[in-house]
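First up is the structure itself, then whatever we jot down about it.
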Amino acid sequence: MSRTTPDTTALPGTRLDVWLWAARFFKTRSLAKQAIEGGKIAVGGAVVTKVSKAVHVDDVLVVQRGEERFELRVLGLSDARGPASVAKTLYAETDAGKARREAEAARRRDERAGYQPPESRPNKKARRLIRALGDIDAF
């Protein structure tokens, strides 16, 4: 048996940080641990702060990663990181969650539609003005 294939009979539960890493939501287990301890992960509607929380098949997870919010149902367990094609079989995103995430991405895209980045770096005079205006915002 390969360690990268999801096998629900061999593993009764997998640590949350390991599963998030194996499902490729985070690049390292350390980043997954930071997200869990920071309250960015919820299992069954309750925020989890312990990385050793066991994840089981059919658990419902909410993963907040940056500005994206994923609502998932666990389909398989794995304790090893494998190819992305295998990682996709470990979970299914809910339809409502996917629609909400796509709507938020479209809203963010529309917000920055009129933004024009400057053609060059600010000169000394512009930097002073930026600093002065920044201090006003603090009050």
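Can you pull out the trypsin sites (Lys or Arg not before Pro) in region 11-77 that DSSP calls coil and that have at most 14 other Cβ atoms within 10 Å? Spell out each step's value before the answer.
Values: sites: ARG15, ARG24, LYS27, ARG29, LYS33, LYS40, LYS50, LYS53, ARG65, ARG69, ARG73; in loops: ARG24, LYS27, LYS40, LYS50, LYS53.
Listed in order of number, the matching sites are LYS27, LYS50.
Comparing ALA32, ALA22, ALA54 in a Gaussian network model of the chain (Cα springs below 10 Å), the most mobile by mean-square fluctuation is ALA54. Largest first, the extents of the alpha carbon coordinates of region 1-105 on the three principal axes equal 40, 26, 23 Å.
Considered as an equivalent ellipsoid built on the Cα gyration tensor, region 89-139 has semi-axes of 40, 15, 11 Å, the largest given first.
Read-outs: derived from the displayed coordinates by stated rules, not from any lab. Since this is a predicted model, take the numbers as computed values, not measurements. Because the Cβ atoms are built from the backbone with ideal geometry, glycine has one as well, and the counts that use them run over all protein chains shown.
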